[in-house]
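Okay, structure first, notes after.
Every number in this text was worked out from the coordinates using simple rules, so none of it is lab data. Just so it is clear, the structure is predicted and the values come from calculations on it, not from any experiment. Glycine also receives a Cβ, built like all others from the backbone with ideal geometry; neighbour counts cover every protein chain displayed.
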2 protein chains.
Amino acid sequence: MTVDEARSRAQRKADTLAKLTAPEADVWVASASDAGPYLVPLSLAWLDERVVLAVDGSSRTARNIVEHRAARLGAGHTRDVVMIDAVLERAVPAAEAGAIAEGYAAQSDWDPRQAPGDYHYLVLRPTRIQAWRESNELAGRLLMRDGAWLA
Amino acid sequence: MTVDEARSRAQRKADTLAKLTAPEADVWVASASDAGPYLVPLSLAWLDERVVLAVDGSSRTARNIVEHRAARLGAGHTRDVVMIDAVLERAVPAAEAGAIAEGYAAQSDWDPRQAPGDYHYLVLRPTRIQAWRESNELAGRLLMRDGAWLA
């Protein structure tokens, strides 16, 4: 396989923001409880430097994240990834979400306010973001540390 | 968005096996510890109905899975997914892996036996497999239950 030249940190940040703000962007959402690891793909919105997910309140992902306040997210493809460690800032019922709901509906291809179920928006604050493509990009993959961009 | 017709269970099983046996197949691997959820993309091999991963023994994924004996894997794309719940059957040091190492090298695009580090193969036995594309395929997504294929 041909391995491309490693991107600069500034380029990785630009590529990362392009992924997170793309229409119909999805992420793999890993959460955990005493019962073990859980993982599902979900749509996201990127609003005010926060990852916003919409989850049914009874779902395992919602229960795990509300209880443990942490998630790890993978965006992009397995050989062009963005990894985000995030903490839960707040969980907002769909009917009370205002601008969050508008922003989510604008970026996503669905609107949880129109869906049956007990949807909540989870507002997650990234604390660490990494981005790499292949092994040649493992060095320099750290883009955010302790909630602060490095580029 | 146009939603295609839902696939039959037999077709989903065929599509799932095609994904798992493809050259250079990757999966998102979620594991957990008391420190919370962890997630990384890794190459896999599908050998004798087992998912085989190669991990450095000191990696967080290796430590989580060896300690807690469980992982949840996502293959494919976020809108054409295969979700696998799996338990650890055994962990084999690279130098002692024999046919496992040969099978892994044949399907993957790298050979952990040639890499620096303390690589082990994790042989994971699927207990539950689900496959769906969009919301129209959520019904019928269960393909394996308690380690037995349903199709």
Output row for A:W110: copy-to-copy label distances, label 7 Å along Cα→C-beta, ascending, in nanometres, one decimal, is 3.5
Here the correct list, in nm and shortest first, of distances from B:T21 to the same site in the other copies, label points 7 Å along Cα→Cβ, is 4.5
FRET efficiency (B:A99, A:D80; Cβ distance; R0 35 Å; to 0.05) is 0.65
Dividing the surface of the Cα convex hull of the stretch B:8-54 by four yields a projected area in nm² of 4.4
With one decimal in nm and the nearest listed first, the spacings from B:A151 to its own position in the other copies, using label points 7 Å along Cα-to-Cβ, are 4.1
The simple spin-label model distance between A:A18 and B:Q11, using points 7 Å out along Cα→Cβ, in nm, is 3.4
Taking only the alpha-carbon positions of the protein assembly as shown as identical scatterers, the Debye log10 I(q)/I(0) at q = 0.11, 0.16 Å⁻¹ comes out as -0.67, -1.44
1/(1 + (r/R0)^6) with r = Cβ-Cβ of A:D34 and B:D118, R0 = 22 Å, i.e. FRET efficiency to nearest 0.05, evaluates to 0.15
Given all pairs of distinct Cα atoms, chain A yields a Kirkwood Rh in Å of 15.9
Counting other chain Cβ atoms within 10 Å of each Cβ in B:25-35 and taking the mean gives 5
Over the stretch B:67-151, the quotient of the Cα radius of gyration and 2.2 N^0.38 Å is 1.31
Computed over the stretch B:1-110, the relative contact order (Cα-Cα under 8 Å, seq sep at least six) in percent reads 26
